[in-house]
Amino acid sequence: MTGRSRTRLNRVRGSLGIAQLALQQIQDDLGADDIDAHELAAILRELQEDIDVPGGLFPALAQLVSTAARRAEQIEPDRDASCYLHEAAALLTDNAGQRMNWAARALHPQGDFT
């Protein structure tokens, strides 16, 4: 592994640590005793379709995995890695994301929490 690769990997590790802390805060909020269906639905919608940042969490994760898939195609065009990564990205948006939307609608069909 080159020095540049080590630096990149350390940067990724640091970024993942920050993301894990942020996700832990969201998890703590989801576990609050006073959360109701309306607020839970709003939080689920934010995770799927964040208003402030286009896309939301699941689409952003899918984009990250798709970027890895495109790079895997360049590195080893005839291997399975890119196929698995493209499938993982599709599962994030098509399956996980859609189920988040269904859950939010089941909890509160009226729309966003405002």
* Structure fact -> In deg cm²/dmol, rounded to the nearest 500, the helical mean residue ellipticity at 222 nm of the chain, built from -39500 (n - 2.57) for every DSSP H run of length 4 or more, is -23000 deg cm²/dmol
* To do: Please work out, to two decimal places, the log10 of the ratio I(q)/I(0) at q = 0.10 Å⁻¹ from a Debye calculation in which every Cα of the chain carries one identical scatterer.
  => -0.41
* Asked: Could you give the nm distance between label points at ASN10 and ALA81, where each point is 7 Å from its Cα heading toward the beta carbon?
  -> 2.3 nm
* Helix 3-30: angle to the longest alpha-carbon principal axis of the chain, degrees 0 to 90, nearest 10? -> 10 degrees
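Only the coordinates and a few stated rules stand behind these numbers; no lab work does. Remember, predicted model here, so these are calculated numbers, not experimental data. Virtual Cβ from ideal backbone geometry, glycine too; neighbours counted across all protein chains shown.
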